[in-house]
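Below is one structure; the comments refer to it alone.
The values are calculated or read from the model by the stated rules, or taken from the named source; none is laboratory data. Model, not experiment: these values are computed from the prediction. Note that each Cβ is placed from the backbone with ideal geometry, even for glycine, and that neighbours are counted across all protein chains shown.
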Amino acid sequence: MANPVIKEMEILESKKHTNQIYKVVLTGGPCGGKTTGQERLESFFTSIGWIVLKVPEAATTLMKGGIRFGDLTKEEQYVFQEELVRTLLRLESVYFRLAESFVKKSNVLVICDRGAMDPSAYMSKDEWEMLCKNINVDTFHLRETRYNQVVHMVTAADGAEKFYTLSNNVARSESLKDALRQEQLTRKAWIGHPYLDIIDNGDCKNFEDKILKMIQAVCKKSGVKTGDRLDKNTRKRKWLVASCDDSGFDEFVQFAVSHTYIKIGVDEENVQVRLRKRGNNNKDTYTLTKSQNISGERIETIWQISRKEYDNFYRLRDTSRCTLFKNRKCFNYGNQYFHLDIFVSPLPSSCMGKNLMILETYTTKPIFTDEPELPKFMKIVKEITGNKEFSMYNISNKTAKPLNI
């Protein structure tokens, strides 16, 4: 008799092309390497056989037409921002539609020079909500489901000041101080995206290192194996948190997240399949993840699925494991993007009724070192990177030993 999980996954795959469309936003502060990054990303993916489409930056296109944003009245600025978002979405739709055709013959990478959430950085929350209402869109879908990944290139004004220049973009007019302000605003616009990578100037001996770090981040998330062609020192690190003072957050976006493991019946130590439901304000996204141990390395394949597909897989859940429920807070601290998972009721039996909070980030800093700087408003117990006791797979086990918390 056919394994029902494998059968469902085969049905899921049959609905897709063999190839994939991968949509990535390149954003960031002024002089962060975005323009060069696009060119190098295009060159790399073209060299491995992908079709690469580049959506031009709508704001720069409009600014080159004689518009000086700083000279506009408040009302004119709003009109500009609304038309900018309309233009951006329309431009993207052209490339997204062409990608649907091209994917029949090749993998397709769509590089968006900034994305739909970037304009929100320069508006009040009320103005942004009014804009979304006027053009019939919403923040959740613009941020959560429109793009596979967002890559933020940190301005050279933050950590690489001697390389900051205005010469490579005629529409740019920011001073060093302005660049740092724009850097912070732009970064906040994308807080909450499930796959946000911040490419800073740390650990980079030169600009080439920063570009390679960016290409590596896109390859890792899109499932492209690079072998020795790129540095592979970025990894997920985790810390056990005893307490958190919420007043310490500058800004965060919160989601309700649940993880459910699927019973596959074969080689479950090496192959794990899990469902994720991620919601905010009664709007949810659903993913299916297969995690497989290949030659000592964990390789993950992620599918975006529908609610119906989620329900089909949920019926095949592993009843020896509980569903894990969390409140996830996504936030920036320094140049690092973190998320804090706070496990909520019903708690897994391994918690023995105790609170469990885990802080996570991706970083090039070596494990069990003092870097990156961790939030000062959290009491950190210890680093748990690589500790199987605190893996979701173990925590969900109904017969697991009590956690050391």
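Selection of region 32-58 for residues being at pLDDT below 90 and either surrounded by fewer than 19 Cβ atoms within 10 Å (Cβ to Cβ) or in contact with a Ser or Thr (Cβ under 6 Å, 6 or more places away or on another chain) (or both) yields Gly32, Thr35, Thr36, Glu39, Arg40, Ser43, Thr46, Ser47, Ile48, Gly49. All conditions in (1) modelled with pLDDT of 90 or more; (2) closer than 20 Å to Ile6 by Cβ; (3) loosely packed, with under 13 Cβ neighbours inside 10 Å hold for Ser247, with the sole exception of (2). The residue of region 101-160 that is surrounded by the fewest Cβ atoms within 10 Å (Cβ to Cβ), among those that are small (Gly, Ala, Ser) and in contact with a Leu (Cβ under 6 Å, 6 or more places away or on another chain), is Ala121. Among the residues of region 231-251, those identified as out of contact with any helix residue (DSSP H, G or I) (no Cβ under 8 Å at 6 or more places or on another chain) and under 25 Å from Thr323 (Cα atoms) are Lys236, Arg237, Trp239, Val241, Ala242, Ser243, Cys244.
Each row is one residue, and each column tells you yes or no for (1) modelled with pLDDT under 95; (2) in the same structural domain as Arg187 (by TED's automatic domain parsing); (3) polar (S, T, N, Q).
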{"site": "Leu340", "(1), (2), (3)": "no, no, no"}
{"site": "Phe343", "(1), (2), (3)": "no, no, no"}
{"site": "Leu347", "(1), (2), (3)": "no, no, no"}
{"site": "Ser350", "(1), (2), (3)": "no, no, yes"}
{"site": "Tyr362", "(1), (2), (3)": "yes, no, no"}
{"site": "Ile367", "(1), (2), (3)": "yes, no, no"}
{"site": "Asp370", "(1), (2), (3)": "yes, no, no"}
{"site": "Ile405", "(1), (2), (3)": "yes, no, no"}
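If the condition is being assigned to a helix (DSSP H, G or I) and modelled with pLDDT of 95 or more, then region 122-136 contributes Asp126, Glu127, Trp128, Glu129, Met130, Leu131, Cys132, Lys133, Asn134. One residue alone among Val24, Val85, Val5, Val79 is in contact with a helix residue (DSSP H, G or I) (Cβ under 8 Å, 6 or more places away or on another chain) and within 21 Å of Trp128 (Cα to Cα), and that residue is Val85.
Would a scan of region 372-379 turn up a residue that is under 24 Å from the mean Cα position of the chain (by Cα) and not in a loop (DSSP other than H, G, I, E, B)? Yes, that holds for at least one residue.
Of all residues in region 180-193, those that are in a loop (DSSP other than H, G, I, E, B) and either surrounded by fewer than 22 Cβ atoms within 10 Å (Cβ to Cβ) or aromatic (Phe, Trp, Tyr) (or both) total 2. Taking the listed residues Glu129, Glu100, the one that is closer than 13 Å to Tyr22 by Cα, within 23 Å of the chain's Cα centre (by Cα) and of a type in the set (Asp, Glu) is Glu100, with no other qualifying.
Selection over region 388-405 of residues that are more than 21 Å from the chain's Cα centre (by Cα) and without any contact (Cβ under 8 Å) to a residue 12 or more places away in the chain gives a count of 1. Scanning region 43-77 for residues that are in a helix (DSSP H, G or I), under 25 Å from the mean Cα position of the chain (by Cα) and closer than 14 Å to Leu88 by Cβ turns up Ala58, Ala59, Thr60. Applying the selection to region 320-370, what residues are among the acidic types (Asp, Glu) and within 14 Å of His259 (Cα to Cα)? Correct list: Asp341 only.
Consider Glu360 carefully, then state whether it is under 20 Å from the mean Cα position of the chain (by Cα) and not basic (Lys, Arg). Taking the combined requirement at face value, the residue satisfies it. With the condition kept exactly as written, say whether any residue in region 35-53 is more than 20 Å from Asn148 (Cβ to Cβ) and in contact (Cβ under 8 Å) with a residue 12 or more places away in the chain. Yes, region 35-53 contains at least one residue that is more than 20 Å from Asn148 (Cβ to Cβ) and in contact (Cβ under 8 Å) with a residue 12 or more places away in the chain. Here is a check on your reading of the model: is Glu76 more than 26 Å from Tyr195 (Cβ to Cβ), without any contact (Cβ under 8 Å) to a residue 12 or more places away in the chain and either in contact with a strand residue (DSSP E or B) (Cβ under 7 Å, 6 or more places away or on another chain) or surrounded by fewer than 18 Cβ atoms within 10 Å (Cβ to Cβ) (or both)? When the stated conditions are applied, Glu76 passes them. Inclusion of Ile67 among residues that are modelled with pLDDT of 90 or more and not assigned by TED's automatic domain parsing to the domain that holds Ile305 is warranted. When region 306-317 is limited to residues that are free of Cβ contacts under 8 Å to residues at least 60 places away in the same chain and assigned to a loop (DSSP other than H, G, I, E, B), the one that is nearest to Val273 (Cα to Cα) turns out to be Arg315.
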